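Novice: The structure follows.
The values are calculated or read from the model by the stated rules, or taken from the named source; none is laboratory data. As the structure is a prediction and not an experimental result, all values here were calculated from the model. Counting neighbours? That spans all protein chains shown, and the Cβs are built from the backbone with ideal geometry, glycine included.
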Amino acid sequence: MTAAPVLVAYASKHSATAEIAERIAAAMREAGCAAEARPASEVRDPSGYRAVVLGSAVYAKRWRPEARSFARRYADPLREVPVWLFSSGPIGAVEEHPTALMPPFAEKLADRIGAREHVMFGGRVPADPGNFIERAMLKNTPPERRDARDWPAIEAWARGVAAQLAEDQAGSRTASIAARR
């Protein structure tokens with residue numbers, strides 16, 4: 001019997017976070033864990049998934065509205081499955097941004113639903129700036145620093161999530177076998 005897949009739901013403005021979510025799902029699949037990435041706004045019911053990874057781009061220390069809405073709408077089902085959270089946003093290496101801690105909404109959400117972990121990944125300056133601030137970011141950021149996504153770290157984190165789920169599943173099987181004896 002195959003385990004239900006993991007949902008990697010995300011909210012992205014300029015596709016950088018969507019690309020992170022896709023990479024997370026791919027790394028989990030490579031680790032032997034069924035996973036699919038979907039925009040949070042398109043998910044109608046997360047109850048059919050064995051776990052949820054929920055992520056959002058962060059602007060001004062805030063998650064995108066679609067991620068916040070998803071979290072509020074599905075708070076009850078999210079309490080029933082393992083959940084991991086990720087945020088993306090700072091430009092430059094995350095460790096260069098001591099204030100790039102967990103966004104307040106994500107912190108409250110993690111507590112409310114019992115998320116196992118939250119991680120912050122570097123972001124990317126939008127290639128197609130839509131407003132004055134984004135245009136200034138693009139203009140003032142050297143080209144070599146415009147994409148701060150650390151793909152090896154993102155993939156390692158995703159493999160770690162897959163490993164935790166495999167351990168959970170092995171533990172469940174062992175407990176089930178012991179209960180039948």
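Novice: Test residue 168 against the stated conditions and say whether it is in a helix (DSSP H, G or I) and without any contact (Cβ under 8 Å) to a residue 40 or more places away in the chain.
Specialist: It is false that residue 168 is in a helix (DSSP H, G or I) and without any contact (Cβ under 8 Å) to a residue 40 or more places away in the chain.
Novice: So which pairs qualify, if the first residue must be in the stretch 43-64 and within 10 Å of residue 87 (Cβ to Cβ), the second must be of a type in the set (Val, Ile, Thr) and assigned to a loop (DSSP other than H, G, I, E, B), the Cβ gap must be under 9 Å, and the two must be at least 6 apart or on different chains?
Specialist: 61/99
Novice: What are the residues in the stretch 118-139 that are among the β-branched types (Val, Ile, Thr) and touching a residue at least 12 places away in the same chain (Cβ under 8 Å), if any?
Specialist: If the condition is that a residue be among the β-branched types (Val, Ile, Thr) and touching a residue at least 12 places away in the same chain (Cβ under 8 Å), then 119, 125 are the ones that fit.
Novice: Same structure, new question: Failed condition for residue 21, given (1) of a type in the set (A, V, I, L, M); (2) closer than 19 Å to residue 148 by Cα; (3) part of a strand (DSSP E or B), with all others met?
Specialist: All conditions pass for residue 21, except number (3).
Novice: Has the stretch 20-30 got at least one residue that is at pLDDT 95 or above and over 17 Å from residue 154 (Cα atoms)?
Specialist: Within the stretch 20-30, not a single residue is at pLDDT 95 or above and over 17 Å from residue 154 (Cα atoms).
Novice: Could you check, for the stretch 78-99, whether at least one of its residues is more than 16 Å from residue 6 (Cβ to Cβ), out of contact with any Phe, Trp or Tyr (no Cβ under 9 Å at 6 or more places or on another chain) and modelled with pLDDT of 85 or more?
Specialist: Scanning the stretch 78-99, I find at least one residue that is more than 16 Å from residue 6 (Cβ to Cβ), out of contact with any Phe, Trp or Tyr (no Cβ under 9 Å at 6 or more places or on another chain) and modelled with pLDDT of 85 or more, so the answer is yes.
Novice: Report the residue count in the stretch 32-91 for those that are crowded, with 18+ Cβ neighbours inside 10 Å, of a type in the set (Ser, Thr, Tyr) and part of a strand (DSSP E or B).
Specialist: Residues meeting the conditions: 3.
Novice: Which one is surrounded by the fewest Cβ atoms within 10 Å (Cβ to Cβ) among residues in the stretch 107-146 that are touching a strand residue (DSSP E or B) at 6+ places or on another chain (Cβ under 6 Å) and assigned to a helix (DSSP H, G or I)?
Specialist: 110
Novice: Check residue 149 against each of (1) out of contact with any Leu (no Cβ under 7 Å at 6 or more places or on another chain); (2) in a loop (DSSP other than H, G, I, E, B); (3) modelled with pLDDT under 90 and name the one condition it does not meet.
Specialist: Going through the list (1) out of contact with any Leu (no Cβ under 7 Å at 6 or more places or on another chain); (2) in a loop (DSSP other than H, G, I, E, B); (3) modelled with pLDDT under 90, residue 149 breaks only (3).
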